[in-house]
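Heads up, the thing below is written out as structure tokens.
The values are calculated or read from the model by the stated rules, or taken from the named source; none is laboratory data. This one's a predicted model, so the numbers in the text were calculated from it and none came from an experiment. Note: ideal-geometry Cβ built from the backbone for every residue, glycine included; neighbour counts use all protein chains shown.
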Amino acid sequence: MGGLSEWLAAQLRNAIADGRLPVGGRLPATRVLAAELKVSRGVVTEAYQRLAEVGHVVGRGRAGTIVVAAPVTPPPPADARPDAGVFDAEPGADIFDRMRAAPARIDLSPGVPDLTAFPRAAWLRAERSVLADADLGYGDPRGASALRRAVANWLARNRGIRADAGEVVIVAGTSQALGLLAAVLRDDGIGTVAVEDPGSLGVQQHLRDSGMRTPPIPVDSQGVRVDALQAGGAPAALLTPAHQFPTGVVLSGERRRALMRWGGLIIEDDYDAEHRYDRAPVPALKSMLPKHVCYAGSVSKLLAPALRVGWVLVPPRYLDALVAAKRFADLGNAVLPQLVLARLMESGQLERHLRSLRRRHRHRRDTMIDAIRTHLPQATVHGAAAGLHLMITFDAPDLDLAAAALDHGVKVQPLSWHNQRSTRQGLVLGYAATNPSDIRDAMATLGKLLA
């Protein structure tokens with residue numbers, strides 16, 4: 001029955017994606033569709049359950065099964081071919097654009113939450129509410145005061161950071177935060193920001209594009225090697241201490257204390273710290289070293305990257321320069337989305353959404369770990385305690401495996417993209433935005449390719 005149900009669920013997903021089954025429409029009754037397809041009713045019921053599991057449909061009793069969300073990206077045309085050349089050379093500035101554009105039946109790119117769970121109804125209610133009295137003129141370059149207050153309260157509750165709303169600057173995501181911080185630091189005579197190795201290729205690209213040198217500092221099972229950071233002599237470092245990207249390591253208490261003794265400037269990229277599954281998230285470094293940490297966070301992993309809303313908190317000596325850089329960059333973020341987000345934060349809706357996401361993401365993480373054990377027993381899993389991705393390592397060229405996987409319709413990132421000096425081979429596998437059946441299918445494909 002599983003094979004037929006999976007096939008039927010895929011056909012229905014395609015019909016939802018291309019509009020043949022529109023959002024708001026009702027699926028046929030299970031008994032009726034089973035009779036038309038000449039299959040058991042259980043096959044149809046299981047297919048509907050698969051669609052409900054990934055948030056495309058919801059059962060509403062006598063009203064039937066209703067389509068509530070379309071797949072984030074429609075399936076590629078039948079004649080579309082993968083961009084095999086994406087793995088042929090060193091990744092350039094457009095590598096992530098090319099990866100997003102490459103067609104694949106299953107996308108395991110890291111860094112994306114379950115977008116089908118986006119709280120559309122709550123967002124629309126909040127938007128209608130704030131539109132009633134919103135000031136639609138030019139806003140404060142620091143961000144709307146309502147959102148800066150909401151972010152300060154959110155960080156106090158969830159990240160242990162005690163800050164006044166006046167210390168918060170709203171930006172267009174972490175990528176803009178890095179560009180603004182680089183400009184401010186350059187004016188302060190800092191031209192080098194050490195980065196973790198392995199560490200996010202995207203972060204390295206943004207810093208280098210802003211004129212920064214990015215020497216690598218090795219990461220081990222306790223996090224960044226602070227002794228190597230001290231020996232390297234860099235005046236600043238960009239770190240992901242709550243959930244190191246891509247290894248998933250949580251910076252140990254000993255290393256945190258070593259950073260306190262180091263005394264350099266830290267850019268803390270707190271990109272997905274709220275997604276901790278085994279215990280409460282570790283406090284941000286900013287809570288321990290407020291005068292030595294430039295803290296960056298966003299809603300890209302909480303709600304959706306498309307919102308392009310993030311925040312930065314810097315030591316007092318940099319605040320005026322940061323606000324000036326933001327002012328001359330774009331005069332400030334769009335005001336209306338800020339007000340809507342503030343309403344969601346202050347109403348408790350965002351925390352309810354986060355609790356729901358954690359449950360969904362934990363289930364998908366567990367599905368991926370089980371499938372790796374089944375299909376990739378030779379791989380070692382890293383970083384399972386938190387985040388939206390896993391890292392696996394193995395003894396085989398990861399670029400070759402990633403290229404072969406894409407040719408078979410499965411999109412993954414090779415670990416070597418994120419290496420500077422590290423030589424580890426592996427894959428970085430996002431699970432949050434992929435339904436469990438596709439996760440199992442993808443791991444089976446990778447297992448066959450790696451055998």
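Quick notes on this structure:
- Residue match in the stretch 40-51 (condition: buried (at least 17 other Cβ atoms within 10 Å of the Cβ), farther than 26 Å from Arg364 by Cα and in contact with a Leu (Cβ under 8 Å, 6 or more places away or on another chain)): no
Matching residues to (1) part of a helix (DSSP H, G or I); (2) more than 30 Å from Trp262 (Cα to Cα):
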position	(1), (2)
Ser287	yes, no
Tyr295	no, no
Tyr318	yes, no
Leu322	yes, no
Ala325	yes, no
Arg343	yes, yes
Glu351	yes, yes
Arg355	yes, yes
His363	yes, yes
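- Meeting the requirement of 2 or more residues that are surrounded by fewer than 24 Cβ atoms within 10 Å (Cβ to Cβ), free of Cβ contacts under 8 Å to residues at least 24 places away in the same chain and in contact with a Gly (Cβ under 8 Å, 6 or more places away or on another chain), no helices (runs of 4 or more DSSP H) wholly within the stretch 148-250 can be named.
- Selection of first residues in the stretch 376-390 that are outside the structural domain of Ser221 (by TED's automatic domain parsing) and of second residues that are among the hydroxyl-bearing types (Ser, Thr, Tyr), restricted to Cβ pairs under 6 Å at least 6 apart or on distinct chains, gives the following pairs, ordered by first then second residue: Thr380/Thr393; His382/Thr247; Gly383/Thr247.
- Sole residue being within 17 Å of the chain's Cα centre (by Cα), under 22 Å from Val112 (Cβ atoms) and surrounded by 16 or more Cβ atoms within 10 Å (Cβ to Cβ), chosen from His389, His363: His389
- Members of the stretch 303-334 that are within 16 Å of His353 (Cβ to Cβ) and buried (at least 23 other Cβ atoms within 10 Å of the Cβ): Val309
- Out of Pro113, Pro74, Pro82, Pro91, sole residue that is crowded, with 17+ Cβ neighbours inside 10 Å and either modelled with pLDDT under 90 or of a type in the set (Asp, Glu) (or both): Pro82
- Selection from the stretch 304-326 of residues that are under 25 Å from Leu344 (Cα atoms) and aromatic (Phe, Trp, Tyr): Trp311
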